[in-house]
1. Could you list, in sequence order, all residues of region 380-416 that are part of a loop (DSSP other than H, G, I, E, B) and farther than 30 Å from residue 185 by Cα?
2. Being loosely packed, with under 15 Cβ neighbours inside 10 Å and either without any contact (Cβ under 8 Å) to a residue 40 or more places away in the chain or over 20 Å from residue 500 (Cα atoms) (or both) is the requirement here; does residue 541 meet it?
3. Tally up the residues in region 71-106 that are surrounded by fewer than 24 Cβ atoms within 10 Å (Cβ to Cβ), of a type outside the set (A, V, I, L, M, F, W, C), closer than 16 Å to residue 465 by Cα and within 22 Å of the chain's Cα centre (by Cα), please.
4. Picking from 553, 515, 548, which residue would you name as being surrounded by fewer than 19 Cβ atoms within 10 Å (Cβ to Cβ), under 27 Å from residue 497 (Cα atoms) and touching a Gly at 6+ places or on another chain (Cβ under 9 Å)?
5. Quick check: anything in region 204-226 hydrophobic (A, V, I, L, M, F, W, C), in contact with a helix residue (DSSP H, G or I) (Cβ under 8 Å, 6 or more places away or on another chain) and either over 19 Å from residue 154 (Cα atoms) or assigned to a helix (DSSP H, G or I) (or both)?
6. Determine which single condition residue 287 fails, assuming it passes every other condition in (1) at pLDDT below 95; (2) part of a helix (DSSP H, G or I).
7. Here's a check for you: in region 116-127, which residue that is surrounded by fewer than 23 Cβ atoms within 10 Å (Cβ to Cβ) and among the small types (Gly, Ala, Ser) is farthest from residue 461 (Cα to Cα)?
8. Is it the case that residue 357 is of a type in the set (Lys, Arg), buried (at least 19 other Cβ atoms within 10 Å of the Cβ) and either at pLDDT 95 or above or closer than 30 Å to residue 143 by Cα (or both)?
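The values are calculated or read from the model by the stated rules, or taken from the named source; none is laboratory data. Treat the numbers as computed from the prediction; the structure is a model and nothing was measured. Cβ atoms come from the backbone with ideal geometry, glycine included; neighbour counts cover every protein chain shown.
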Amino acid sequence: MGSIAMNDAKGSIGPRVSALLKQVYPELDSDILTSLVIDAFWPKGAPRRQRARAAGNSLWSQKDALLITYGNSVIDGVHKPLDLLADFLATYLDGTLNAVHILPFFPYTSDDGFAVSDFRAVNPQLGDWADINRIAEDFTLMSDLVLNHVSSQGSWFNAYRQGQAPYDKFFFEASPDDDLRDVVRPRTTPLLREVETTNGIRHVWCTFSHDQIDLDFRNPEVLLEFLRIIRLHVDNGIQIIRLDAVAFLWKAVGSPSIHLPQTHALIKLMRVLCDFATEKIILLTETNVPKAENLSYFGRGDEAHAIYNFPLPPLILHAMMSGNAEHLRRWQRAMPPAPMGCAYLNFTASHDGIGMRPAEGLLPEDEKQQVIDTIKDIGGLVSMRTLPDGSESPYELNTTFYDAMSRTFAGADDYHHARFICSQTIVMSLEGIPAFYIHAMLATPNDHDGVEHRGMNRAINRHRWDYPSLRQKLDDPRTPQARVLADLSKRLKIRQKQAAFHPNATQFTVNLGDERLFGIWRQSLDRAQSIFAIHNVSDTAVTISAAELNLIEDQIWVDLLGETKVDADASGIVIAPYQCMWITNRP
């Protein structure tokens with residue numbers, strides 16, 4: 001097998017893979033391990049590129065927008081949920097969104113899919129691989145690689161408990177006597193779980209829950225198995241691989257066990273393999289952590305292709321509730337552009353709650369508390385995490401984003417719809433790829449019955465629509481569901497045609513001198529088109545002059561959203577409550 005690695009060195013993949021493997025597994029033969037890695041990702045001599053795909057902006061464009069959904073977000077009790085999802089996508093989102101993230105569609109035992117019991121099968125309650133393949137024919141498809149942990153009831157962990165190789169060394173063990181005080185936790189459950197095995201009592205590491213047992217990537221066999229799983233996904237038409245909870249991948253007793261160097265090296269290894277693949281494969285890291293830690297997963301443009309813009313949801317939430325965009329503007333002004341060949345994934349809502357950790361250092365504590373109190377006022381919930389000293393801190397807010405926009409710090413008003421549409425338009429305007437949770441697109445209210453029946457806070461934002469009932473609502477233009485879907489779809493279709501909204505187009509935060517306004521300037525990669533995106537996050541009208549935007553004279557400027565002309569020397573541009581404007585010279 002060493003000869004294979006030598007042959008690959010001529011194509012430059014071998015040395016790159018070997019160098020990264022030496023960082024992670026310095027005690028192992030890197031030539032042999034390199035060969036095993038390449039064989040796992042390209043089994044049976046499958047074709048690959050001779051040179052890595054060059055870093056650039058060709059993996060995405062302004063036409064890209066993503067829907068986030070469970071495989072069973074729409075059901076009818078008769079048809080396979082994946083068939084219904086395919087129908088929903090074709091009927092209501094064709095031409096509006098071109099990508100879809102189907103949350104874990106594998107057999108599982110808890111956490112709505114994130115305690116996977118079989119990585120190689122589609123949950124039969126949803127459908128089968130043929131259903132996944134059909135959706136992948138019409139949409140760019142994202143799948144979850146839940147690589148930090150597996151179900152305690154799956155075959156891997158059962159084999160571990162029985163001492164069966166290679167699974168007897170697949171899981172991370174520690175001792176209750178170990179110093180685990182610094183371990184960063186996203187949950188309040190005990191870190192270690194005592195289990196009986198044929199080799200005696202063991203204590204396994206559980207970052208998230210006792211049904212989700214953490215894997216031990218110190219064993220390279222674990223890495224090889226996940227590379228084979230990525231290949232299975234790619235062969236089934238999946239183009240975006242979401243690395244779930246990847247920040248916790250590598251553990252070390254006595255350390256925080258988050259963001260460790262080995263974790264970054266393994267993501268870089270996966271990036272090298274993806275860049276040598278003949279298929280288009282995009283790696284997206286899911287790291288719900290403060291800004292600097294999140295940005296580190298870009299590496300030097302050699303790690304994740306894309307990262308979630310996690311500070312965005314709490315900052316937009318605060319701006320819309322307070323009517324003040326200053327904290328959002330200050331954060332955006334300090335954000336670096338994504339490296340060449342990389343992109344941000346922008347969103348406000350997802351299947352999880354609105355993370356509060358990314359707001360650390362960005363929102364004052366008293367204003368964070370106002371947000372939390374307002375969420376409670378609208379019937380939302382707050383989930384906690386355990387700090388190293390044993391105390392608890394808000395980890396995320398559990399609510400649908402649509403309901404979160406139903407009131408401000410001052411209370412409820414008549415601007416619910418306009419405020420929500422403004423919040424989503426900000427996501428469309430920013431540098432990066434916009435993503436929308438299905439329950440944002442559908443103006444879904446908080447599901448309190450779901451919380452009661454399923455016993456978990458996150459169920460409030462994981463409603464399962466009865467498809468016939470949903471279709472009735474979408475066919476009635478008076479319903480919130482029809483109004484929101486129509487308005488968002490219209491803006492997304494406008495956005496697709498604007499080169500200045502390319503995910504890597506230049507962005508500059510515009511200081512409009514009024515804390516009620518959030519403004520950014522976007523310029524296309526060829527510098528031909530400019531768009532001034534202005535958003536009034538308040539319930540009062542704001543007047544600005546065109547001079548504040550520095551509109552170039554002798555060009556025709558048009559607001560794409562209002563479909564009106566804007567004079568370059570206009571002295572009074574009135575922006576109504578929660579109005580958004582996309583002022584461009586190249587409609």
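1. Answer for region 380-416, where residues must be part of a loop (DSSP other than H, G, I, E, B) and farther than 30 Å from residue 185 by Cα: 406, 409, 410, 413, 414, 415.
2. When the stated conditions are applied, residue 541 passes them.
3. Summing the residues that are surrounded by fewer than 24 Cβ atoms within 10 Å (Cβ to Cβ), of a type outside the set (A, V, I, L, M, F, W, C), closer than 16 Å to residue 465 by Cα and within 22 Å of the chain's Cα centre (by Cα) in region 71-106 gives 1.
4. 548
5. Within region 204-226 (the criterion being hydrophobic (A, V, I, L, M, F, W, C), in contact with a helix residue (DSSP H, G or I) (Cβ under 8 Å, 6 or more places away or on another chain) and either over 19 Å from residue 154 (Cα atoms) or assigned to a helix (DSSP H, G or I) (or both)), the answer is yes, since at least one residue qualifies.
6. Answer for residue 287: the failing condition is (2).
7. 121
8. yes
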